[in-house]
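The values are calculated or read from the model by the stated rules, or taken from the named source; none is laboratory data. What you see is a predicted model; the values in this text were computed from it and never measured. Neighbour counts run over all protein chains shown; Cβ positions are idealised from the backbone, glycine included.
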Amino acid sequence: MPFSVSSTFNNGSSNNGLFKKMTTFRHKSFLFGVTLASITWAASFYLYLTLTSSSPDRIPLSISASTSVDNNINDEDLPPSDKLLLSQSSSSLLSFDRPQNYFPKNTVFLNNELYDKEDHDAKDDENVNQIKELSVQGKWRKKFQQLINDKSTKYKNSEKLINSLNSKVKIDAGNGKLEDIGKLGLIQTLVDKKIREEGYRKHAFNVLVSERLGFHREIPDTRHPQCSFQNYPSSSLPDASVIICFYNEEINTLLRTVHTILDRSNPSLLHEIILVDDCSELDNIHEKVLNYAQKHFPAKVSIIKTPKREGLIRARIFGSRHANGDVLIFLDSHVEPGVMWMEPLLTRISENNKTLVAPIVDIINADTFQYSSSPLVKGGFNWGLHFRWDNVPKAQLKTKEDFIKPIISPTHSGGLFAINKQHFVNLGEYDEGMDIWGGENLELSFRAWMCGSRLEIMPCSRVGHVFRKRRPYGGGTNGVDTVLKNSARVAEVWLDEFKEKFYTTNPSARNLDYGDISARVELRHQLKCRSFKWYLDNVYPDMMEQGKSNANDSAKFIPWDKRPRNYIKKFLLRLSKTFFCVESEGDVTKRNAGLVLGKCGSTNKKKQQWSETDKHELVLAELLCLDASSDLPKVAKCHELRGSQEWKKSGDKATPIFSLAAGQCLGVQGKPIMGAQLQMVLCKEDSDHNKFDFIEITQEK
């Protein structure tokens, strides 16, 4: 139909009416949209205020089933992307499946304090109810609570995946129940990661494992079987005061030490336990321990505090002067005694009250808290006046009875030993001129032997000790190396003409101010002590033989690839569903080199050749071990102590590689590309970026 002008004009009036209706409708739609948006915004703002309010039923980060968590987590220290994760993770600590005996019955940990449900005031009632009322009011908050407790959230390790790794990794966590050690060290959330990192920084061991382990756990009986046939006349034995000095110790480890002593000691022989707080400055530990002890320890456990920071040496003197037992047993604050640990020590002292005796010190791994046996050893030293362990000659261990006889020891390690109290006083206690720690064990060893006493190690007494890689509170004061200063005092008082060997080894000690030693020289004269040459000739003749062959007394270095070891298999480590293999950033001999993804090469490419040992180490080119001591794994010297160099896997195809010490898996962040850095990541079942194929390399015949 052709266009008609007249027809257009004839319909004008109807078009105007339609236009007005459309305009009115648009205005109403706009107003309706604004209103709806305002209501939505108001509702969202209300929900935000509800969730972030400081009302009593809010779940604070400081509520934790832990006694050592640094609850002052500053989220400003975290990248912006992690702040939401921190808030989402805050309640996961409460839902973690911990051993039932983590606290004594009816005990909770609230707002950084310990509470007993049956022994608290009305104010505590109100606080404890916060834990009982964790279900959040309102359906929106309930949904939010379900969200942050959701096991499938991408911010957590996959428990199913971890369970597949833990089938062969068990540890006794108390009450005779085997607990997955992977779970004990498993980093579930960002909060767990923060706890672990802060724990290593403050205490130099895995606090995350320690706080989950509980105060009571069974440990293996590492004594020789012959020890179980020994009879000790407990009715005629002297009683003992156990003295434990601590400074900024992690509270769970300290309390477990006390509980273990109480659990494994004959009550008739344990006169008292004296905890000496050497003016700790960290986390109000004195008040926490005091509060806990008043509710859960018997009266024989007492807590005293030095007037000022004294250091281990003077703190032990302070504690010994408060003791009332016949025998003093000095222990470190991170130990776990074994079965019948006290009787062999007291029996030997009852036979000769001038004998200083020590247990065999077993090993508690600082990364995993696994307990393992130590061999029979005796104490020694080198000319730098550093303590060391010497093997007991095989000639001394021919019969079963030889394995339980007292071992004559030239020195003792210092951390754990027993001595008759009056003899300790008569012998001159410790050298009060020494500072903090270091050298006091050798000084007491030389003094004991040279002044009419003797040192022995009792094989049927076993005490586990957490061996840390470093001392978290240093070894110096006012810029002075206290270990070197203390050692110089030892050399000047006790080494006679042999002190020149010490100064040759430590030339920086020649001009060191070691303080006034006149009182200790006079003590040596009063005690009519023998010469140091007598000590070397009669107590430690091996020292001079070693000195002839090597003035510095250093052991001959044996390269790792020359040491005897047991390799299970050799393989390439390929990231699943890719063509990339794990290789070293540097040459295979370069220590502390990082790891990256490289194109899988031939089996002759050494930087991609891995081997597994019977200790679950992954060794690059049979030279350096895969180490998870930081967020960026590396290849490092094999220390053969498991811990950060022990790895678990569930098979050879598409398996995660889990570090018990790190609580995380080996993997990559983001898209796997050539040169991507290997990292320690959360073990997520739905990710292919933390699973690997072990491509076996067949040995050439």
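Structure summary
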read-out: Enumeration of residues in the range 334-379 that are among the acidic types (Asp, Glu) and touching a residue at least 24 places away in the same chain (Cβ under 8 Å); value: 336, 343, 362, 367
read-out: Single residue of the range 658-681 satisfying the filter (aliphatic (A, V, I, L, M) and touching a helix residue (DSSP H, G or I) at 6+ places or on another chain (Cβ under 9 Å)) that is surrounded by the most Cβ atoms within 10 Å (Cβ to Cβ); value: 660
read-out: Options 678, 660: the member that is of a type outside the set (D, E, K, R) and closer than 21 Å to residue 697 by Cβ; value: 678
read-out: Residue 279 vs. criteria of a type in the set (A, V, I, L, M, F, W, C), assigned to a loop (DSSP other than H, G, I, E, B), closer than 20 Å to residue 313 by Cβ and assigned by TED's automatic domain parsing to the domain that holds residue 458; value: yes
read-out: Subset of the range 389-408 that is exposed (fewer than 11 other Cβ atoms within 10 Å of the Cβ) and over 14 Å from residue 542 (Cβ atoms) - its residue that is nearest to the chain's Cα centre (by Cα); value: 394
read-out: Search result, residues across the range 654-668 that are more than 19 Å from residue 186 (Cβ to Cβ) and modelled with pLDDT of 90 or more; value: 668
read-out: Residue count for the range 497-544, restricted to those that are part of a loop (DSSP other than H, G, I, E, B) and either in the same structural domain as residue 426 (by TED's automatic domain parsing) or not hydrophobic (A, V, I, L, M, F, W, C) (or both); value: 11
read-out: Among residues of the range 354-382, those that are outside any strand (DSSP E or B) and at pLDDT 95 or above, counted; value: 1
read-out: The range 626-656: number of residues that are more than 19 Å from the chain's Cα centre (by Cα) and surrounded by 24 or more Cβ atoms within 10 Å (Cβ to Cβ); value: 3
read-out: Residue under evaluation residue 616, criteria (1) assigned to a loop (DSSP other than H, G, I, E, B); (2) buried (at least 19 other Cβ atoms within 10 Å of the Cβ), criterion not met; value: (2)
read-out: Some residue of the range 297-310 being in the same structural domain as residue 462 (by TED's automatic domain parsing) and touching a Ser or Thr at 6+ places or on another chain (Cβ under 8 Å); value: no
read-out: Residue in the range 677-698 that is without any contact (Cβ under 8 Å) to a residue 24 or more places away in the chain and in a strand (DSSP E or B) present; value: yes
read-out: Within the range 243-283, considering residues that are of a type in the set (Asp, Glu) and closer than 18 Å to residue 416 by Cβ, the one surrounded by the most Cβ atoms within 10 Å (Cβ to Cβ); value: 249
read-out: Condition check for residue 363: surrounded by 22 or more Cβ atoms within 10 Å (Cβ to Cβ) and in contact with a His (Cβ under 9 Å, 6 or more places away or on another chain); value: no
read-out: Given (1) aliphatic (A, V, I, L, M); (2) out of contact with any Asp or Glu (no Cβ under 8 Å at 6 or more places or on another chain); (3) free of Cβ contacts under 8 Å to residues at least 60 places away in the same chain, number of the condition residue 407 does not satisfy; value: (2)
read-out: Residue in the range 444-451 that is part of a loop (DSSP other than H, G, I, E, B), in contact with a helix residue (DSSP H, G or I) (Cβ under 8 Å, 6 or more places away or on another chain), modelled with pLDDT of 95 or more and of a type in the set (Lys, Arg) present; value: no
read-out: Residue that is modelled with the highest pLDDT, among those in the range 410-443 that are among the small types (Gly, Ala, Ser) and crowded, with 22+ Cβ neighbours inside 10 Å; value: 418
read-out: First in the range 488-506 and closer than 18 Å to residue 535 by Cα, second anywhere and polar (S, T, N, Q) and in a helix (DSSP H, G or I), Cβ under 9 Å, 6 or more apart; value: 502/487
